[in-house]
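Engineer: Right, I'll just put the structure down here and ask away after.
Every number here is computed from the coordinates shown, using simple stated rules; none is lab data. Please read all numbers here as calculations on a predicted model, not as lab measurements. A quick note on method: Cβ atoms are made from the backbone with ideal geometry, for glycine too, and the neighbour counts reach across all protein chains shown.
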Amino acid sequence: MATWDLRGMKHHVLICNGGTCLRHGGDDVTTAVREEIARLGLDDAVHTTRTRCNGRCQDACVMIVYPDGVWYRQMTPEKAKEVARVHLGEGVPLREWATYEYEGELVLTPIGEREAASGKRKNEHIEKGASR
Ligand code: FES
């Protein structure tokens with residue numbers, strides 16, 4: 001699992017570990033998807049996070065994949081492994097198991113590198129404001 005250096009990260013998986021999702025196998029889903037990510041050699045490309053309730057308990061167990069913003073419902077360990085293989089591994093969301101998906105693009109860049117690339121200094125906006 002990517003943890004410290006996120007530059008190689010392609011997906012962030014939020015696994016609901018709220019009360020309802022835990023009663024619907026959230027722990028097993030968490031273990032299954034993490035084991036499958038490791039087995040597929042995707043540790044540097046995928047970061048996973050256990051969350052509290054995501055507000056869609058009727059869909060328990062919920063798992064969300066960003067940057068695609070695909071909200072998966074009724075995950076089981078077997079479905080979670082399939083999401084790891086097909087969505088995280090091949091880049092193909094399994095829409096038949098999803099309730100929503102985000103349309104757009106997010107790019108993660110370390111903040112210091114982004115500022116350096118754009119030629120802006122960290123406090124440039126403050127300095128501009130102070131000169132008025
Ligand atoms: S506990 Fe998972 S959505 Fe509410």
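Engineer: What do you get for trypsin sites (Lys or Arg not before Pro) in region 1-101 restricted to DSSP loop and a cutoff of at most 11 other Cβ within 10 Å of the site's Cβ?
Structural biologist: Here the trypsin sites (Lys or Arg not before Pro) that fit, given the DSSP loop and packing criteria, are Arg7, Arg52.
Engineer: Net charge around Gly69, counting only other residues with Cβ within less than 10 Å of its Cβ (Lys, Arg = +1; Asp, Glu = -1)?
Structural biologist: After counting each charged neighbour, the total is -3.
Engineer: If each residue of separation counts as 0.36 nm, what is the full-extension length gain between Arg52 and Tyr66 once their alpha-carbon separation is subtracted?
Structural biologist: So the chain would gain 3.4 nm between Arg52 and Tyr66.
Engineer: I've got another one for you. Which residues' amide hydrogens lie under 5 Å from the amide hydrogen of Tyr100, considering only partners 5 or more residues apart or on another chain, with H built in the peptide plane?
Structural biologist: HN-HN under 5 Å from Tyr100: Trp71.
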